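Q: Below you will find the structure I want to go over with you.
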Amino acid sequence: MCNVSWRLRFHEGFAKVLPRVQSDHHPIIVISDGETNMGRNRPFRYEAAWGTHENFRQLLQENWIRERDLVDLLSNLTNNLTVWNKEVFGNIFRRKKELLARLNGIQNSSNYGYSNFLETLENELQQQLTTTLYQEECLWYQKSRGKWITDGDRNTKYYHSKTIVRRRRNKIVSLRSETGDWIEDQEILINMAMNFYINLYHEDKPVCDPVVSWTTYPQNLETEHHKLSSAVQYVECKQALFDMSPHKAPGEDGYPALFFQQNWDIVAESVHHFVNQVWSNPSLIPLINNTLLVLIPKVDKPEFIAQFRPIALYGAFYGQNEREWIFNNMEKAQNKEWKTIFMITCWHLWMWRNKSIFEEGFRHPNNPTHVILKMSMEIDRCEQTHLDGWNLQNETIFIGWKQPREGWFKLNCDGAHKSSIQLSGCGGLIRNNDGICVSSFARKIGSCDALHAEMWGMYIGMDLARRKGVTHLQVESDSKVLVDMVTGNCKVNGRIPTLVRRIRDLKNLDWQVQINHTWREGNRPADWLANFSLTLNSFDLHTYETPPRELQSLIFYDFSGACMPRSVRLIP
């Protein structure tokens, strides 16, 4: 047992139980530095932080020759990236330490505050430090295998702790052999694991091919054969790649989907050509289908290699307890809503038990399963009849931006989220009662969900209006969930998000604030700013006293009273 602080100080430390000698207790030795014979033969892994370097895309373009094979391109790029990481990108932690030391030296200088040179240098170092901190956060986020936490603060310490703990837990120091002896030698452990799975998947008897005749396969399948044999289209290839999670475990080459998604304009042609090459020549599949098996322990403290299972099998059976396994299989077998069947079953059991006690001559039904399923079907039929009986009608309404009343300002805010690149941003603008934009803003946030991007947009906009001396403010957002959370019209399960608490604190200050919901058609300038924030080069807050040229036309449409149609469903 150890806490996070001890694990962060001794990354490789562990405790070993020694045999008894003269006492009836086993002595325990704590080895803080870890085993000296545990090698660091780590495969190549593409680091997400590399993509933030200004010279990365130039390096990629110089080494990506479209005429070459994709496998050769990735192999050559791996060698060049390894050298580039050491000579150009460098060590993030060393660079962070040097930047902090230089900033400390500037701020402790006797000329600090009086020298333009020191002020300019400090701003440059602050920008470099911001980039370095983001690179560090990307590094630990990728290694931690954890979900993003959006509190509004950097979570480098959280991801660092999670990574160190997971890394030590995944290392196997010793295991028992088939004879029960403890094995600690790493080479013997590697061979023991390989031999176990070779024997596990070995076929004892040769597999005989089935007899193929003219009756084996159906006939007249020319259309299906043409569809299956046609080439993979470019759009299909791109959609399949961008539907993948960017940070999922990469293959043997070390490149996750994030690398191809961020650099699709460079690698698209090679990837599409290689996919069609494999599609037309299936013999290439064994050459690229190698992977690294991830073993998950079935017990808390595994002692034998047989107590590990590949991750592909973990969620199917070994990762479920008995209740979950029975529940899932019964739901599949019945092809119905199992929660309804379970409720009806409990109700009938309770009713039959009471009748057998309090009613003389009561007899249980001969086929209770039929009674339960029949009632379940009646409930489903009743629910469907109720839904079909609704007279739903669609009506078109026109939505536009409305000016605030005299003496008030209006803040329109919005958030944007691109799941394909795991990037979010926010934006908004403040206008007076004449429809004139007094200030607008945009900020790239990083990785968070769409709701937290909306929270950031509202919080930054209200804070900006407060600092500009606004005393009467109307806030409009097209996120109904966020508006209800801030105004208290919906119950938040669990802890209230930090940003929602900050927005409420701003709202309760000595000024008048009204927060309302609007449709997206009435929030188009804020929507444009939120999407524009994703193209910014830095994560700093960008404010504009004069709106960008592309935004001015949208503001003019709102000022002129232009409306957009929206189809809504009316429920009587």
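The values are calculated or read from the model by the stated rules, or taken from the named source; none is laboratory data. Note that the coordinates shown come from a computational prediction; the quantities given were computed from them, not determined experimentally. Don't worry about glycine lacking a Cβ; one is built from the backbone with ideal geometry, like all the others, and counts go over all protein chains shown.
Q: Looking at the structure I just gave you, is residue 535 assigned by TED's automatic domain parsing to the domain that holds residue 423 and within 26 Å of residue 407 (Cα to Cα)? Show your work before the answer.
A: On the way: assigned by TED's automatic domain parsing to the domain that holds residue 423: yes; within 26 Å of residue 407 (Cα to Cα): no.
So residue 535 does not fit the description; no.
Q: Let me ask something else about it. Can you find, within the range 495-508, the residue that is nearest to residue 416 (Cα to Cα) among those that are part of a loop (DSSP other than H, G, I, E, B) and modelled with pLDDT under 90? Break it down into steps so the answer makes sense when it comes.
A: The initial filter retains those residues of the range 495-508 that are part of a loop (DSSP other than H, G, I, E, B), namely 495-497, 508.
Right, trim to modelled with pLDDT under 90 and you get 495-497.
On the way: 495: 24, 496: 22, 497: 18 Å.
So the residue we want is 497.
Q: Suppose the filter is assigned to a strand (DSSP E or B) and either outside the structural domain of residue 498 (by TED's automatic domain parsing) or not aliphatic (A, V, I, L, M) (or both); does residue 424 pass it?
A: Yes.
Q: Follow-up question, since we're still on this one. May I ask you to list the residues in the range 497-515 that are farther than 14 Å from residue 483 by Cα and free of Cβ contacts under 8 Å to residues at least 40 places away in the same chain?
A: Answer for the range 497-515, where residues must be farther than 14 Å from residue 483 by Cα and free of Cβ contacts under 8 Å to residues at least 40 places away in the same chain: 505, 508, 510.
Q: Quick check: is even one residue across the range 69-90 touching a Ser or Thr at 6+ places or on another chain (Cβ under 9 Å) and free of Cβ contacts under 8 Å to residues at least 60 places away in the same chain?
A: No, because not a single residue in the range 69-90 is touching a Ser or Thr at 6+ places or on another chain (Cβ under 9 Å) and free of Cβ contacts under 8 Å to residues at least 60 places away in the same chain.
Q: For residue 499, indicate whether it is surrounded by 12 or more Cβ atoms within 10 Å (Cβ to Cβ) and in contact with a Gly (Cβ under 8 Å, 6 or more places away or on another chain).
A: yes
Q: Taking the range 518-572, which residues are crowded, with 19+ Cβ neighbours inside 10 Å and of a type in the set (Val, Ile, Thr)?
A: Answer for the range 518-572, where residues must be crowded, with 19+ Cβ neighbours inside 10 Å and of a type in the set (Val, Ile, Thr): 518, 555.
Q: Given the criterion of a type in the set (A, V, I, L, M) and closer than 22 Å to residue 443 by Cα, identify the matching residue among 526, 562.
A: 526
Q: Scan the range 212-247 residue by residue and report those that are of a type in the set (Gly, Ala, Ser) and either modelled with pLDDT of 75 or more or under 19 Å from residue 279 (Cβ atoms) (or both).
A: 229, 230, 231, 240, 245, listed by residue number.
Q: A further question on this structure: Which of the residues spanning the range 465-494 are crowded, with 21+ Cβ neighbours inside 10 Å and either assigned by TED's automatic domain parsing to the domain that holds residue 134 or in a helix (DSSP H, G or I) (or both)?
A: 465, 482, 485, 486
Q: Then there is this: What are the pairs, 6+ residues apart or on separate chains, where a residue within the range 552-567 that is within 13 Å of residue 525 (Cα to Cα) has its Cβ under 9 Å from a residue that is of a type in the set (Val, Ile, Thr)?
A: Here the result reads 552/546; 555/436; 559/436, each pair linking the range 552-567 to a residue that is of a type in the set (Val, Ile, Thr).
Q: Taking the range 402-426 on its own, how many of its residues are out of contact with any helix residue (DSSP H, G or I) (no Cβ under 8 Å at 6 or more places or on another chain) and either closer than 10 Å to residue 454 by Cα or without any contact (Cβ under 8 Å) to a residue 12 or more places away in the chain (or both)?
A: Within the range 402-426, residues that are out of contact with any helix residue (DSSP H, G or I) (no Cβ under 8 Å at 6 or more places or on another chain) and either closer than 10 Å to residue 454 by Cα or without any contact (Cβ under 8 Å) to a residue 12 or more places away in the chain (or both) number 1.
Q: Another question about this same structure. Given the options 171, 143, name the one that is under 28 Å from residue 47 (Cα atoms), assigned to a loop (DSSP other than H, G, I, E, B), at pLDDT 55 or above and basic (Lys, Arg).
A: 171
Q: Okay, moving on. Can you find a residue that is modelled with pLDDT of 90 or more, within 26 Å of residue 549 (Cβ to Cβ) and assigned to a helix (DSSP H, G or I) anywhere in the range 428-442?
A: Among the residues of the range 428-442, not one is modelled with pLDDT of 90 or more, within 26 Å of residue 549 (Cβ to Cβ) and assigned to a helix (DSSP H, G or I), which makes the answer no.
Q: Here's another thing I want to ask about it. Residue 429 - would you say it is touching a strand residue (DSSP E or B) at 6+ places or on another chain (Cβ under 9 Å) and buried (at least 22 other Cβ atoms within 10 Å of the Cβ)?
A: When the stated conditions are applied, residue 429 passes them.
Q: Can you name the condition, by its number, that residue 40 falls short on among (1) exposed (fewer than 12 other Cβ atoms within 10 Å of the Cβ); (2) of a type in the set (D, E, K, R); (3) modelled with pLDDT of 65 or more?
A: It fails just one condition, (3).
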